[in-house]
Amino acid sequence: MSVSTESPLGVRVSRAELVARELEREIAAGLKAGTRLGTKDDLRKRFRVAVATVNEAVRLLETRGLIEARPGPGGGVFVARPAARIAMSHVVLGFRTGSTSYEECLELRDALEPLIDSHAARHHRARDIRELKRILKTMQASVDDPAAFFKCNWALHRRIAELCRNGPLRSMYLALIDFLEFSIDRAEFSDFDGAAMIAIHRDLVEAIDAGEGPQLDAAIEAHQPAKTPRSERWRR
């Protein structure tokens, strides 16, 4: 599998970034922590790129907390464990353990959400929408189980973020999602309304499918917690 440096919009992207995006897509599709992606040489042959390109792609994914490169016999490139992703989230965002509140991270994530959704509306393909709708069905089946519901919710937002073409923005957003999911044990599931949440996210996916415009603006506004009581803002 070779990679092209031309994006659909005609903007040149480094080969390393394209390799990193493809591996990131595969990881987001459901590869389990600890899955071996191969050695660097395996990846070089697979993507038909130079050694330097593979090394840079691995560095990018390590920075994003998505993979771990292990040296020596039996080593290679592996999907990172959640703990490694959280640790990298702290590095990327400047978190200090115990000093960053759930609400502070949620506020930042909500500020980035419109940019992420706009990228998704601009760059999605039909298969992306099908995958988002599949996750919505899983969310629908979990409306009576808040913990399971929010696991699906984070998966949905990770999948939307995968469509973002801005690497730093995508990495920061995903780091925040990891932190929020890691911290959900401290959340209180009071007044949980799964049906309303499903409706909000279904409208968001439909608006992303329709592309940028008033429908997307309205869906993003509905998804924002501005009118939600402070005690319930963890929901989304």
Exercise for the section: Take Leu132 and decide whether it is within 15 Å of the chain's Cα centre (by Cα), within 20 Å of His223 (Cα to Cα), open to solvent by 20 Å² or more (accessible area, probe 1.4 Å) and modelled with pLDDT of 90 or more. Expected result: no
Handout entry: Inter-residue pairs, beta-carbon under 8 Å, first over 10 Å from Phe78 (Cα atoms) and part of a helix (DSSP H, G or I) and in segment 26-48, second open to solvent by 70 Å² or more (accessible area, probe 1.4 Å) and hydroxyl-bearing (Ser, Thr, Tyr), 6+ apart
Key = Phe47/Ser2
Exercise for the section: Restrict the check to segment 50-67 and report whether at least one residue is more than 15 Å from the chain's Cα centre (by Cα) and assigned to a strand (DSSP E or B). Expected result: no
Problem - Members of segment 135-172 found to be among the small types (Gly, Ala, Ser) and open to solvent by 20 Å² or more (accessible area, probe 1.4 Å), listed by number - result: Ala141, Ala147, Ala148, Ala155, Ser171
Exercise for the section: Answer yes or no: is there a residue in segment 82-96 that is modelled with pLDDT of 75 or more, surrounded by 16 or more Cβ atoms within 10 Å (Cβ to Cβ) and out of contact with any helix residue (DSSP H, G or I) (no Cβ under 7 Å at 6 or more places or on another chain). Expected result: no
Practice task
Considering (1) surrounded by fewer than 18 Cβ atoms within 10 Å (Cβ to Cβ); (2) part of a helix (DSSP H, G or I), say which one Ala175 fails and leave the rest.
Solution key: (1)
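The values are calculated or read from the model by the stated rules, or taken from the named source; none is laboratory data. On a predicted model such as this, the values are computed, not experimentally measured, just so you know. Note that each Cβ is placed from the backbone with ideal geometry, even for glycine, and that neighbours are counted across all protein chains shown. Just so you know, the surface numbers come from the protein's heavy atoms only, side chains and all, with ligands and any DNA or RNA stripped out. Shrake-Rupley method; radii C 1.70, N 1.55, O 1.52, S 1.80 Å.
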